[in-house]
Ligand code: MLT
């Protein structure tokens, strides 16, 4: 664990391929949560895993919310820019290739990954979003031409209405992203099968292969 660069985070060096996986945990998680998932879905990648800086009754998150599924827009924008600054600083500090940065997030972490994608186009080479929602409606359409985005969603998710995830996919597609939205008849919890699906999907992305 390191507290450098403004975020408590974990960094695990990769095998030298230059690919980095940014891991973004869900509400109540921390920098350790997704390390096993990261090593599974993108073997050999360096892992950069920050802890969200907002606390909700002691539970770390990446931005504040006013209620379940209702986000504090101002805080979301501020935290997204702050996280982007951390990522850029970490890429320099650990001498990572900024062209090979992929994000994987779950729930609140998927939402900040979607926000990073919309507010900082070009920062992420690709994104894996497990249980994501529309973080905010962008005022101007970012240029996400050709950016591969994998979204894994649950039809029985109690926290995320299916049309919200569909709207996120649509927003990203309108911006030019190459979105692969996969539905399963499951709830908010992540399943092994979809982790394996994400792994297969990532294995097909040049130049990560
Ligand atoms: C959020 O607040 O980002 C979503 O409601 C999902 C979550 O609770 O983490």
Open item on the list: Six or more apart or on different chains, Cβ atoms under 7 Å: show the pairs whose first residue is in region 89-104 and over 22 Å from residue 37 (Cβ atoms) and whose second is modelled with pLDDT of 95 or more and not in a helix (DSSP H, G or I).
Closed with: 99/125
Task: Qualifying positions in region 129-143 - within 11 Å of the ligand (Cβ to nearest atom) and in contact (Cβ under 8 Å) with a residue 40 or more places away in the chain - done: 130, 131, 133, 135
- [ ] For residue 13, work out the one condition from (1) away from the ligand (no atom under 15 Å from the Cβ); (2) surrounded by fewer than 15 Cβ atoms within 10 Å (Cβ to Cβ); (3) at positive phi it doesn't fulfil.
- [x] (3)
- [ ] Exactly one condition in (1) out of contact with any strand residue (DSSP E or B) (no Cβ under 6 Å at 6 or more places or on another chain); (2) without any contact (Cβ under 8 Å) to a residue 60 or more places away in the chain; (3) on the phi < 0 side of the Ramachandran plot; (4) surrounded by fewer than 16 Cβ atoms within 10 Å (Cβ to Cβ) is not met by residue 182; state its number.
- [x] (1)
- [ ] Determine whether region 58-79 contains at least one residue that is touching a residue at least 40 places away in the same chain (Cβ under 8 Å) and over 25 Å from residue 134 (Cβ atoms).
- [x] no
TODO: Quickly run through region 154-179 and pick out the residues that are touching a residue at least 24 places away in the same chain (Cβ under 8 Å) and touching a strand residue (DSSP E or B) at 6+ places or on another chain (Cβ under 8 Å).
DONE: 154, 155, 160, 165, 168, 172, 177, 178, 179
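The values are calculated or read from the model by the stated rules, or taken from the named source; none is laboratory data. Being a predicted model, the structure only gives us computed values, none of them experimental. Don't worry about glycine lacking a Cβ; one is built from the backbone with ideal geometry, like all the others, and counts go over all protein chains shown.
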